[in-house]
1. Within segment A:65-92, how many residues are at the interface with another protein chain (Cβ under 7 Å from one of its Cβ atoms) and buried (at least 19 other Cβ atoms within 10 Å of the Cβ)?
2. With segment C:221-337 as the region, which helices (runs of 4 or more DSSP H) entirely inside it contain at least 1 residues that are at pLDDT 85 or above and facing chain B (nearest Cβ under 10 Å)?
3. Looking at the structure I just gave you, is residue C:216 crowded, with 20+ Cβ neighbours inside 10 Å, modelled with pLDDT under 80 and assigned to a helix (DSSP H, G or I)?
4. How about segment A:103-140: which of its residues are within 14 Å of chain C (Cβ to nearest Cβ) and not small (Gly, Ala, Ser)?
5. Are there any strands (runs of 3 or more DSSP E) wholly within segment A:29-87 with 3 or more residues that are farther than 25 Å from residue A:107 by Cβ, and if so which?
6. Looking at residue B:150, is it assigned to a helix (DSSP H, G or I) and over 15 Å from the mean Cα position of the chain (by Cα)?
7. Tally the residues that are open to solvent by less than 40 Å² (accessible area, probe 1.4 Å) and either touching an Asp or Glu at 6+ places or on another chain (Cβ under 6 Å) or touching a residue at least 24 places away in the same chain (Cβ under 8 Å) (or both), restricting the search to segment C:304-324.
8. Got at least one residue in segment C:41-63 being within 17 Å of the chain's Cα centre (by Cα), more than 25 Å from residue C:292 (Cβ to Cβ) and not polar (S, T, N, Q)?
Amino acid sequence: MTAMLNVKDLRAYYGQVQALHGLSFALNEGSLTTLLGANGAGKTTTLRAICNMVRSTGAIEFEGKPLSGRSTENVVRLGIAHVPQGRGTFTTMTVEENLQLGAITRNDKKGVVADIERMYEHFPVLKERHTQQAGTLSGGEQQMLAVARALMLRPRLMLLDEPSFGLAPLIVRELFKILGKINREDKVTILVVEQNAQLALELADQAYVIETGRIVMSGSAAEIANNEDIRKSYLGY
Amino acid sequence: MELFTNQVLAGIATGAIYACMALAVVMIYQAIDHLNFAQGEMAMFSTFISWQLMQWGVPYWWAFLLTLAFSFAGGIAIERLLFKPLAKAPILTNVAGFIALYGIINSFAGLIWDFTIKQYPTPFGSSPFLGSQLISTHQAGMIGVTVLLLILLFLFFQYTRIGLAMRAAASLPESARLVGINTSWMIALGWGMAAAIGSIAGILIAPVVFLEPNMMLGVLIYGFAAAVLGGLTSPLGAVVGGFLVGIFENLAGTYIPGVGNELKLPIALALIITVLVVKPAGLFGRPIVKRV
Amino acid sequence: MSAVEDVVTEAPAVEAVPKRAMTLGLGTSLVVLVALLIVPLFVKNFIIFQLTMLLIYGLAVLALNILTGGSGQFSLGQSAFYAVGAYTSAILIEYTGMNYALTLPIAGLICFAFGFAFGQPALRLSGVYLALATFALATAMPQILKLGFFEHWTGGVQGLVVTKPDAPFGLPMSQDMWLYYFTLAITIGIYIASVNLLRSRSGRAFMAIRDNEIAASAMGVDVALYKTLAFGVSAGITGVAGGLGAIAVQFVAPDSYTILLAISLFLGMVVGGVGWLPGSFVGAAFIIFVPNIAEGISKGLSGAVFGVLLFLVIFLVPHGARQVAIVAQQLIGKLKK
């Protein structure tokens, strides 16, 4: 079976500084994979490199198509949704407008309307606030909105950058439950970057551990979670 | 009392023009965070185009529409050719670019159509409006066209997909790209629309100030004042600011002794500085928090 | 009130220029100085006059360079300070009979005060806002000068005629040549003072503000004081240039000091290289001689030529004459090997 996303020898640069040093990994269709590592290990950069938001070299293929040379918006149009760190909420627009923006590349009006309703079922709190300015939502609500906005694209692959950041533990659990549901029911392949390794490993089926721009460990989530050495040296719990 | 009403109405009429200019300034400011110092010259050049078309026998409203189309295309072309490459340059470089554009357009207008003052027609006539002595039909027409334009723009931004995409690109470019919006073209579109809106302002004010290459300088300063008063981040603010500034200008000219037409520009200067110092975000703008 | 705020990290207004890169080396300076001293002996009076104007505009561009290249603040309103300086000198000479040389420090002081006062509101403004406020100042200035209220002193639209001074002590030189050396002496003085200013504590404070205002204030730089100070110094030097300009041209009138003058000075700075003080004089030469050539071809062409050249500079040599000088230096270095 060929992988849905294939990353080979990825190197990324911020100006003169190299942040990724030849990263390779693959995601299978329908999988829920987590990318773990400490602060500054290169997790966010990896996601940004997939969407061509940083200068990078190496080969990234999505469903057989190379991504290099495509602008960010054209990567997204292939069906890759990216929930960025800090959520990227359009704070001055309403909740509903944020959802419409998620589907801005789609041409099926009816489908979009139906999907907005579906999001309100997934996240009832968004329905309550659909006319509110998104900036007035709480952090957890904004994270729900960000996930919902990404799903409005009807993505084949969803990239999430630290969705648990700044959220209360209860809300994180709820969010992760929804992510699992989306992965199983909507058949969306998910790559989630996390610092909260324990929670992420409970959710994911595959895991990669990354340190200073290199993959140092990979395997099934259960293997990684059960390996005490890895846990102690890389994941810190 | 009649003098007062008269001045307020006249203020609203010129204010409509300032509102258009302010709107054009705000459209570009929202897209690229810069003030287009050449906005007035672009409008002036468009107005000359419409004048030339009419000289060739094109009827007024056709000339009007053709000019809008030309300005729209011209605005996009200027952005693509000259300002897109400057997107990441320091502010200074951009200011220099706008100044350069100002010089080029002003100079070319003078070369092509020379610097003499020309009459410019109005389709509304200049008889008293509805038999009242308060405002002329041209002034009423200026208000009418502007209000119509504003309604159309509101509908465009609120209810069309591309309007939504433009708003998103202006407010948060990175997030906009992440939902698949081509932000670079949204900026170009903003330039095109700003140029078209500016050309409307030029065409409407030309019968009042007469057509010549420097006709828009005063109007642009007042447009800036209006944009700043309304808050540079708010199109609605720009419009309200335009009308307020227009009314203020007329009342100041009437009731403050010694303030006549020759003090027009100092008043605009005072207005801009007062607003920037007292309320830099303007009436409707969002405050901006700076960080290191 | 909206609860939503934007948080931004502002792009720096101008690219940083290292302190050492702001001036010329000693050898080059001496060569330039000697050239400036002897050239007038060999050319016609009209050319001497133009060289005088070059020095005067050079001073005005230098003043802008201290403001923008030094402290990162913009001004599209230098013509206003220039006008105030010019009128101060003209009025003092014509109405009080004061010696022209004495009027210059007064023009400088008045403009310093004016600039310092204008710098107060400017404190709250940065980047485009400051460009806007000064742009408005420059457009409004001619109208202010035409005001009936000041007409008794300013001569209104007509302006004032200024008498050109003779060479003192019976020196055997023409008025133009005397004025040239007089201007040159002042220019050298101000240039050296400016270099020292930028190398001093205040200069470092200016540059810290230019590169990152918030960080500068966190390090204890009194941002308010230094920003207004930069404005004051810049305006003061521009005022001296304006006074000299009035004496050299023998005439002041409101329409000599329009926004076009402000734009020219700004252009001179960009062409000369922002933050490179010697470049100010290269820029001045540019704004004096290019319009002459352009207007010779067709009336009204100079705006277009300015604009096109400005775009070429922005796109091809964004650091202006400084960049050209560096490239030339490297070429010479290679040839020597």
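The values are calculated or read from the model by the stated rules, or taken from the named source; none is laboratory data. Here the structure is a predicted model, which means the values were calculated and not measured. We place every Cβ from the backbone using ideal geometry, glycine too, and count neighbours over all the protein chains shown. For accessibility, only protein heavy atoms count, side chains too; no ligands or nucleic acids. Shrake-Rupley method; radii C 1.70, N 1.55, O 1.52, S 1.80 Å.
1. 9
2. C:259-272, C:302-316
3. Yes, satisfied.
4. The answer is A:129, A:132, A:133, A:136, A:137.
5. Passing ranges, in order: A:32-36, A:55-62.
6. no
7. Residues flagged as open to solvent by less than 40 Å² (accessible area, probe 1.4 Å) and either touching an Asp or Glu at 6+ places or on another chain (Cβ under 6 Å) or touching a residue at least 24 places away in the same chain (Cβ under 8 Å) (or both) within segment C:304-324 amount to 7.
8. Checked segment C:41-63: no residue is within 17 Å of the chain's Cα centre (by Cα), more than 25 Å from residue C:292 (Cβ to Cβ) and not polar (S, T, N, Q).
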